[in-house]
Amino acid sequence: MSEGAYDVVVVGVGGMGGATLAHVAKRGRRVLGIERFARGHAFGASSGRSRIIRKAYFEDPAYVPLLVRAYELWRELERETGATLLDLRGLLVVGDAGGRVVRGILASADEHGLAIDRLDRADVLARYP
């Protein structure tokens, strides 16, 4: 391999590394991905059959635009491959109204106009007996 053979080298080709390689390659760059384990290994965050993604990110509302873009990119990949990759099911988060998680979700939803159902105890018991 000669010097300068690749524009970008990514070490770790799980979900994030693989996506990075794909997007850099789409921009016409020469890429190389290096992975320690065989495809489909169980040692990374991308192993298994399901994942969770949520727009009402409680950690910080600043992440929401990145998540909105992630949803768009999942749909774009579905169109390119003809495969269903993102199967949205909903998420129920239960917690103290004054707690960090609930406050963070409400802040993200309010700041970015995310549609969420705000349920009290009676609503939850009625909807999920």
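The values are calculated or read from the model by the stated rules, or taken from the named source; none is laboratory data. Note that the structure is a prediction, hence the values are computed from the model and not measured. In this analysis, Cβ positions are derived from the backbone assuming ideal geometry, glycine residues included, and neighbour counts consider all displayed protein chains. Keep in mind that these areas ignore ligands, DNA and RNA; they rest on the heavy atoms of the full protein, side chains included. Shrake-Rupley method; radii C 1.70, N 1.55, O 1.52, S 1.80 Å.
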Across 79, 118, 69, the residue with the highest GNM fluctuation in the chain (Cα network, 10 Å cutoff) is 118
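Which GluC sites (Glu not before Pro) in the stretch 49-129 pass both tests, a DSSP loop state and at most 15 other beta-carbon atoms within 10 Å? It would help to have the intermediate numbers written out before the result.
Working: sites: 59, 72, 76, 78, 80, 111; in loops: 59.
Of the GluC sites (Glu not before Pro), the ones in loops of the stretch 49-129 whose Cβ has at most 15 other Cβ atoms within 10 Å are 59.
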Say R0 is 25 Å: what FRET efficiency, to the nearest 0.05, do residue 24 and residue 60 get from their beta-carbon distance? 0.45
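For the stretch 38-129, state which chymotrypsin sites (Phe, Trp or Tyr not before Pro) are in a DSSP loop and have at most 10 other beta carbons lying within 10 Å of their beta carbon.
Details: sites: 43, 57, 58, 63, 71, 74; in loops: 43, 57, 58.
When the chymotrypsin sites (Phe, Trp or Tyr not before Pro) of the stretch 38-129 are filtered for loop state and at most 10 Cβ neighbours within 10 Å, 43 remain.
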Considering the Cα positions of the chain, please state its Rg to one decimal place and its Dmax as a whole number of Å. 19.2, 67
Can you give the FRET efficiency for residue 77 and residue 102, using 1/(1 + (r/R0)^6), R0 = 35 Å, r = Cβ-Cβ distance, to the nearest 0.05? 0.65
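In whole percent, how big is the carbon plus sulfur part of the accessible area of the chain, probe 1.4 Å, protein atoms only?
Numbers: 5430 of 10070 Å².
Here carbon and sulfur together make up 54 percent of the probe-accessible area.
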In debye to the nearest 20, how big a dipole does the stretch 12-125 give about its Cα centre with +1 on each Lys and Arg Cβ and -1 on each Asp and Glu Cβ? 620 debye
I'd like the distance separating the alpha-carbon centroids of the stretch 100-129 and the stretch 59-77, in whole Å. 19 Å
What is the extension gain from residue 128 to residue 84, computed as 0.36 nm multiplied by their sequence separation minus the C-alpha to C-alpha distance, in nm to one decimal? 13.1 nm
Pick from 30, 103, 75: which is most flexible by mean-square fluctuation in a GNM of the chain where alpha carbon atoms under 10 Å apart are linked? 30
